[in-house]
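Have a look at the structure below before the remarks.
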Amino acid sequence: MISLTDNITSVPQIGKKRAELYNKLGVYTVGDLLTFFPRDHTDMTEITSVADAPYDEPCTVQVTVTGKMAAQRIRSGLILYKAVAEDESDNMSIVFYNNRFAFDALEEGGTYRLYGKMSGNMVRREMNSPLVVTDGMPLIRPKYHLTEGLTAPMVMTNISYLLKCFNERIDDPMPDMVRSRFELTTEEYALKNIHFPESMHALEISRRRLSFDELVINQAAMRLLKGANSVTTGCVMKEVPIEDYEAALPFELTAAQKRACADIFADMKKDTPMNRLVQGDVGSGKTAVAAAACYMAYKNGYQSALMAPTEILAVQHCETLKKFLSPLGIEVGLLTGSMTQKQKNEIKSKLMSGELMVVTGTHALISDSTEFLSLGLIITDEQHRFGVEQRKLLAGKGMHPHKLVMSATPIPRTLALIMYGDLDISVINELPKGRQKIETYAVTGKLRDRALGFVKRELDSGHQAYIVCPMIDDDPESEIQNVESYMERLKESVLGGYPTGLLHGRLPAAEKDQIMTEFKNGELKILVSTTVIEVGVDVPNATVIMIESSERFGLAQLHQLRGRVGRGQDRSYCILLTDNATDEVRSRLRIMADTSDGFAIAEEDLKMRGAGEFFGVRQSGFAPFKIADLSDRELLSETSSAVTMIMEKCPDLSEFPLLRERAQALIDRNGAEGMN
């Protein structure tokens, strides 16, 4: 008897060659194939009259064939087959190219349902290569993600076989109390009707049920993972008054920063390791909060390590922490790959002896030769840029140390709970006093010369500028060509005489750091870049950023890019250029010009583009959702309530074995440290 864990080759008609095609799409097991959900459906249930059929939009007509023309060879290798048909409202032509089989299947006097796009003119309407609905063909037809060699009929045949195999054999993982409370259909019904819906209503309730499952299982896995992480830490700390730390700062902490500090201090006093995300907008002062955590660790006799994804960011964090902690007598060290061996050895010796209590660094922190006397706190900046193993290696250098994650990417709270469900979350949603709003202007390409002139005036005032170019497609080579060709054109503009650097994702890390260092030091006046500067170094002298083809970016990404300027005391500007000024683009860019709140922008981005586009190809953490729409607020709220209901009844899910099995399988598939 076939089971969900069997390899897909156990399904008839799936041999080694077809299995390899499925593997390309992430389908390896029978269960994967059963949950290989359609990306969309073709609805052929509603019939439109020929006279009312819209041009160039898919529609369904039902017509009677009144005549068939002789085949015409219109050019070498291309044969045209044409039939004439009508309904009560009008007549039309049906055209096939090189498809005699479809043409021969039409009989004069026969009535057929056709699905396709109407073209032609007022005199004669025409449908080219329509889908002819035959007896037994589903009127709501699934559309699957495919790869060359794998067709929709193949997938439909394979899944149809599985649905018959598992008829009434699919055990429902969702507890009855949840199904009843949220009026959910059975999983068996949902699986059948997501692939081959009986009606659009059946499709709707099936999609809701499977989305519900996916979100509940994800959140349940997070809760299990959070419970599994509740080991005893060897770094339980005592209360430390924050007033001494605050008194040494050159500014006053905001209320949001104080709340985040209070959350962290409370966590570090527990006998389980802190696992907290500090999420704050660009410039909200996350590093000051991280420094407070280092201060508490120091006062309790524990060391702190902050790991940054690049050397230049590690240096920046080191300088910032020194500014906050040096007045309190706390030495801050730096450990990076480019340091001389003598410098590295000196820092490592101080860490091993306990002479150095706070260190920032890159991957050098996790090398075998780096040892700590009493590592009690690890901080990662933009943790999604580190691999699971790298974070585990750093944590392994202490006795279950406390973990703090910083992220400058604003994410709506509902989504943060999905993405970071195993982390406690502190949000810094307030900017420090005196932080200037960046003046933002959205303009069309017609004003490009004026925009370049504005950038020139800023440069002539002694400031610096970023110019961002988008990646045109997924080909890394085209990204380079796009930026390089833009750089060449820039040399012929009014900005041609200024020292300019070029930055893109294909450059070696050392070369990127070198270019950023030259820009930070003022040796380069203009930095032409792709989005690799999205999260990066503070350059207080950079006062203007111009973003080409800004319509290609999401609002949240534009906000991140805008945050590269406005780091100093001078007035700063963001210019959003577009050559595609549609009403939709104007509306999106107007939000950027009117709003500086990153969380509000993220909410708008989510509404306008949906979660898939909001996160890009793949979000951090667990695997992308197959069917759940993370922009469906009502569903997110319902599933959160459902998980709370389940966990309150049985925190370890032992009373719900099927649900626990699915949640554990998700953890196993992504790694137990997958979200840490």
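Taken together, the values in this text are just the output of simple stated rules run on the coordinates, not laboratory data. Keep in mind it's a predicted model, so treat the numbers as computed, not measured. Ideal geometry is used to build each Cβ from the backbone, glycine not excepted, and the neighbour counts take in all protein chains shown.
Counting every other Cβ atom within 10 Å of each residue's Cβ, Thr134, Thr186, Thr320, Thr644 order from fewest to most as Thr134, Thr644, Thr186, Thr320. For the range 102-150, applying the loop criterion from DSSP together with a ceiling of 16 other beta carbons within 10 Å to the trypsin sites (Lys or Arg not before Pro) yields Arg124. Between Ser3 and Met69, the simple label model (points 7 Å from Cα in the Cβ direction) yields a spacing of 6.0 nm. Translational diffusion coefficient of the range 439-595 (Stokes-Einstein, Kirkwood radius from Cα pairs, 10 °C, 1.306 mPa s): 102 µm²/s. Ordering His363, His145, His195, His201 from the fewest to the most neighbouring beta carbons within 10 Å gives His201, His145, His363, His195.
Extension gain for the segment Ser349 to Ser76, taken as residue separation times 0.36 nm less the Cα-Cα distance, is 90.4 nm to one decimal.
Relative to the longest principal axis of the Cα atoms of the chain, helix 633-649 runs at roughly 70 degrees. Normalised by the number of residues in the chain, the mean separation of alpha-carbon contacts (under 8 Å, six or more apart) gives a relative contact order of 12 percent.
Of the GluC sites (Glu not before Pro) in the range 142-231, the ones in a loop by DSSP (not H, G, I, E or B) with at most 13 other beta carbons within 10 Å are Glu148, Glu168, Glu183.
Between the Cα long axis of helix 598-615 and the first principal axis of the chain there is an angle of about 40°, rounded to the nearest 10. Separation of the range 507-548 from the range 99-152 is 54 Å, based on Cα centroids.
Computed over the chain, the per-residue total of -39500 (n - 2.57) for DSSP H runs of n ≥ 4 gives a 222 nm mean residue ellipticity of -12000 deg cm²/dmol, rounded to 500. Taking a point 7 Å from the Cα of Lys607 along the Cα-to-Cβ direction, the residues of the range 626-663 with backbone N closer than 19 Å to it are 629-637. The simple Förster model, with R0 at 41 Å and r as the Cβ-Cβ distance, assigns Ser587 and Gln514 a FRET efficiency of 0.50.
Between Asp43 and Glu168, residue separation times 0.36 nm minus the direct Cα-Cα distance comes to 42.3 nm. Here the label points at Glu88 and Asp176, each 7 Å from Cα along the C-beta direction, are separated by 5.1 nm in the simple model.
In summary, the lysines within cross-link reach of Lys403, defined as a Cα separation below 19 angstrom excluding same-chain residues under 8 places away, comprise Lys226, Lys238, Lys258, Lys269, Lys270, Lys286, Lys299, Lys392. Residue separation of Lys16 and Ala665 scaled by 0.36 nm, minus their Cα-Cα distance, works out to 231.1 nm of gained length. Using the alpha-carbon atoms, what tilt in degrees (0 to 90, nearest 10) does helix 286-299 show relative to the longest principal axis of the chain? With rounding to tens, the tilt is 50 degrees.
With neighbour counts taken as other beta-carbon atoms within 10 Å, the residues Val155, Val359, Val427 rank, fewest first, as Val427, Val155, Val359. Placing a pseudo-label 7 Å from each Cα along the Cα-to-Cβ vector at Arg571 and Arg633 gives an inter-label distance of 3.6 nm.
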